[in-house]
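This report concerns only the one structure given below.
The values are calculated or read from the model by the stated rules, or taken from the named source; none is laboratory data. Quantities reported herein were computed from a predicted structural model and do not represent experimental measurements. Please note: Cβ atoms are built from the backbone with ideal geometry, for glycine as well, and neighbour counts cover all protein chains shown. For accessibility, only protein heavy atoms count, side chains too; no ligands or nucleic acids. Shrake-Rupley method; radii C 1.70, N 1.55, O 1.52, S 1.80 Å.
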Amino acid sequence: LEERYSIVVQPTGLSGAAAHAEAYTNDPMQLQEGSPFGVMLTDGDVTVGAFGTVSYVEDHIILGFGHWLLPAGETEFFLTEAYIIDTVESLETPFKLGVPGRTVGTIFEDRWQGVGGVAEIEPRLLYVSVTVKDRDLGITNRTQFRIAYYESLMPLLLLVGVLDAVDRTLNRIGPGTMIARYTLKADELAQPLTRTDVFASLSDIAVTGPLRIAQTLFTLARNEFRDMGFSSLDIDLDVRRAVKALRVKSIKTDKESYKPGETVQYTVILQAYRGDEQKVTGELPLPEKLDSSRVTLRAFGGPRRSQDEETPEFNSLDELIEALQTVPSNNSLTVEFLNLPRDDSEEESDDKDTEAKFKRTQTLDETIVYGEKTLEIKIKGEEKPQEPTPEKPEEPKPEKKPCKFLFYCP
């Protein structure tokens, strides 16, 4: 927020529900000219926002701050009551130290001159529930907060909130493996979008899972088709310190050459991080028609896009949602044939089925797979029957003349 909007965020030493105004003996002041109020981007166990002073009140309309917040123009931020503990003097950035009270309305405008909102109107919001389990410590914490419905900031605020929940549970920064399960509900989703993925890191495991979930929300929030109407997001994160990772070391087949239409039996050798090798076996059929003498077999880990594929373009929201739900997870191993000749007689509607026929994706347990290996396979052509060669009549052998010399005969 500081980098994007050139503002200064001041730590208050207070966070979450423990910092709410209900924890104090003094009640928040009613919204009137001269009273404090809050503009919150998130509320609940994670609070991000600012405090200011009410400048003008007319019926349910409230103006305040006398300056901009972001400025974001048309918004749907939380309008809250506030309790001010103290003011901090500073020649650079003086600020009020306070805690937010209950949400009483919505801030609809954030302009250079100030912010404005309407009381007694509930803002749209995304409800987030995060459950973090640390397997090593045997600790499970649950965090709940609401994000104001402002599409440009929702993914960033989600990342901040979920990352805070993970850091507070793990109470460390370091390596590990994370299993992330999340379910997103929205008005434009016929059924909730549900995914499970596995992440590993050698530096900071707390970042990878929340970042991927925030990226998914960003993709949907910025889609070119229509407003999603997000309602809730349930996140379940399971973290351990051990790094569970497998690198694709090699791939081999049961034979060196095959005929078109035959089934290729393959074995992928995987090297575990600081562990032993593992083997994954499978089979793939070759197309019935093959003009080339060689075919490339490739094994790779995770959701990597094939080199022979173009950058995906989506013509509808349904296509985008399907892609997000079906993209392979990090704990998947894919084996496929590359650059197979296309049959022009096949309809485009069958392209996906044809591609899936010559590709196999397997999901491994709680461990990521990375790396890539390829293998060239020889294709045998059809052997044509050889025509019999006509026999030639034997020519008469010349008669040998008697030799007149001892060691040399011309």
Per residue, how large is the accessible surface of segment 152-214? Use a 1.4 angstrom probe and give square angstrom. 38
Potential extension, THR140-LEU211 segment - 0.36 nm per residue separation minus Cα distance: 23.5 nm
Apportionment of accessible area to carbon and sulfur, segment 157-197, percent (1.4 Å): 48
Excluding VAL207 itself, what net charge comes from residues whose Cβ is under 15 Å from its Cβ, given Lys and Arg +1 and Asp and Glu -1? -1
Rh (Kirkwood, all Cα-Cα pairs) for segment 127-186, Å, reads 12.8
In segment 209-285, trypsin sites (Lys or Arg not before Pro) in a DSSP loop with at most 15 other beta-carbon atoms within 10 Å: ARG222, ARG226, ARG241, LYS255, ARG274
My understanding is that a pair violates if its Cα-Cα distance is over 25 Å; which of LYS133/LYS185; LYS255/LYS357; LYS252/LYS289; LYS133/LYS279; LYS252/LYS359 do that in this structure? LYS133/LYS279
P(r) of segment 182-305 over all Cα-Cα pairs, 10 Å bins starting at 0, rounded to whole percent, reads 10, 26, 23, 22, 18, 1
The long-range amide H neighbours of GLU109, using H built 1.01 Å from N in the peptide plane and a cut-off of under 5 Å, are THR75, GLY116
Any chance you could run the full-extension gain for LYS249 through GLN32? It's 0.36 nm times the residue separation minus the Cα-Cα distance, nm to one decimal. 71.3 nm
